[in-house]
Structure formats: structure tokens, C-alpha cells
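See structure below.
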Amino acid sequence: MAEVVIVRDPAEGGEIAAELIARLVAAKPDAVLGLATGSTPLPIWKALAARNGTAAHSLDLGRVRGFALDEYIGLPPGHPESYRSVITREVVEPLGMNPALVRVPGDDGGPTEGAGERYERDIAAAGGVDLQVLGIGRTGHIGFNEPGSSLVSRTRVKTLTEQTRADNARFFDSPEQVPRHCLTQGLGTILDARHLLLLAFGEAKASAIAGAVEGPVSSSLPGSAIQLHPFVTVIVDSPAAAKLAYADYYRFAWDNRLDFER
Ligand code: F6R
């Protein structure tokens, strides 16, 4: 079962996630991180940036490698909302990562056809993802694996749902500008990561979180694939946890974790 941590607010969630990442990097300075974009992980990047190079933390992410979950298809190179631009702006630069070590699907200059297979090979050549940061969409997607995605899918082209396009329209000047297609790591790709770290904040995510953590495992709610993974940490605030049947138990388990689990 996933470890579910119910936090006061996104800032506390970001601190806990940042601590997990900092411990990983302390043990393995060239760790491979799987990177999600969107609003949800922003408190993690903020908490990590605050630790970067401070006397108290001396966190150095300069050798960390990164693989983004997904990328839009069809945006002109350098578009500010391409996930390459977003990752550079929100993750690579503030955290002092080496841009040459951070990849986004389809960034190898090759054709879109076959880009998924090539990305898979590159992840494998890096030794696989140590820790995969995930958000979840209102459709239950992780990465851009929309409902109906195979539980064993690999990196490939997907068509975004109209719901997801509408949700992401806030990043663009008009809803029409949101691309219809993307390259995304598959559910099988995500499940290959050694540790999954799924975050969600706000009541709009409550149904998706309940389905992902406690619902039946189903391609109708792709986030439920996390139940097939042995090492998952879910960090949610109370509004996102509102539909979890076992919320009291998750709080009890977190409050009573053993010393070596802290
Ligand atoms: C982004 C991604 C998506 C988002 C999800 C939630 O790289 O893979 O699954 O995590 O759409 O987006 P936010 O965090 O903006 O609510």
C-alpha cells in the first residue's frame, strides 16, 4: 500500500518531498529524478531551492540527472509553456541542475515517430529513474496517460482529453492554443521507477486521489496504477484527501511511524 501523508498545506508537502529528494541525492549524487511539470510540484522546487547551497543544507544537485514525464507536441521551439521551457525555468535554473543532464521526451532532435522508444532507451541507459515525482490530473491521469491508457504502456504519443486541455488553458493565452497531442512516459515506464512520489493539493483532486489510492486498479483511472508499485509515497492536503475512506488510518500510521521510518 502507498504511504499516504496528509499535510497542512502545499508548503509542508513540498518540504517533505524535498527532504526525500535531498536524502536520495546525499546517498547518490548522480541520482535520476523523474520530473513532473504543472502547478503541483512547485512547492517542492521552492523548498529544494531554499536548501540549495545554504550552510544548513549544502544540497548540490549539479550531478543529478532528470527525465521529464511528458512534453507537448506542436509548440514552436522555445515556447514558454513547452515543458522543456517550464523545466528549465522552474527546476533546472533555480536548483542549479546541469541542463545537459535533463531530458524531455522528443528533445533528441529526431522525428516524433519513434521518439517514445528512443526516450525509453535513454532512461534505461541512465540506469532507470530513482524517484519519480508525479501530479495527478482531474481525469486521473499521471504523466499524460489519459483514461484508457494501458497499465503497461510505454513512452508514446497521446491525445489529451478536452478536460485536460481546459485545465491547462490557464497557462496559455487562449484555450485553443493548448496542444492536442503530447509525448508521455507510459504507465509501465512510470512503474519502473524505484520510488513514486505522488502529490495532490486542493479539492479538485479529491476524486482522482481517492480513485488512485483506494479505487479498483483500472485503466479508466490511470493513477490507480500506483497500487501496482511496492514503494509509493502520496502527499496530499486535507481537501485532496477529503474522499479517502482510510484518511484517519493514514494519519495514525504517519504519526506513529517507527524511528527508522522518519
Ligand atoms: C505534468 C503531468 C501531469 C500533471 C497533472 C496535474 O508533467 O504529467 O500529470 O501532473 O496534469 O497538473 P497540475 O499539477 O498543474 O494540477
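The values are calculated or read from the model by the stated rules, or taken from the named source; none is laboratory data. What you see is a predicted model; the values in this text were computed from it and never measured. Using ideal geometry, Cβ is built from the backbone for each residue, glycine included, and neighbour counts are taken over all protein chains shown. With ligands, DNA and RNA removed, areas are computed over all heavy atoms of the protein, side chains included. Shrake-Rupley method; radii C 1.70, N 1.55, O 1.52, S 1.80 Å.
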Inset, instruction - Would you check if Ser207 is open to solvent by less than 20 Å² (accessible area, probe 1.4 Å) and over 26 Å from Pro80 (Cβ atoms)? - result: no
Legend entry - Check on Arg84, crowded, with 23+ Cβ neighbours inside 10 Å and not small (Gly, Ala, Ser): yes
Legend entry - Within the stretch 115-141, tally of residues that are open to solvent by 30 Å² or more (accessible area, probe 1.4 Å), assigned to a loop (DSSP other than H, G, I, E, B) and either more than 10 Å from the ligand (Cβ to nearest atom) or among the small types (Gly, Ala, Ser) (or both): 1
Legend entry - Answer residue from the stretch 142-156, given it is open to solvent by 20 Å² or more (accessible area, probe 1.4 Å) and within 18 Å of the chain's Cα centre (by Cα) and is farthest from the ligand (Cβ to nearest atom) among those: Val152
Legend entry - Residue in the stretch 27-44 that is farthest from the ligand (Cβ to nearest atom), counting only those that are out of contact with any helix residue (DSSP H, G or I) (no Cβ under 6 Å at 6 or more places or on another chain) and more than 14 Å from Gly66 (Cα to Cα): Ala27
Legend entry - Number of positions in the stretch 46-81 that are open to solvent by 40 Å² or more (accessible area, probe 1.4 Å), modelled with pLDDT under 95 and assigned to a helix (DSSP H, G or I): 1
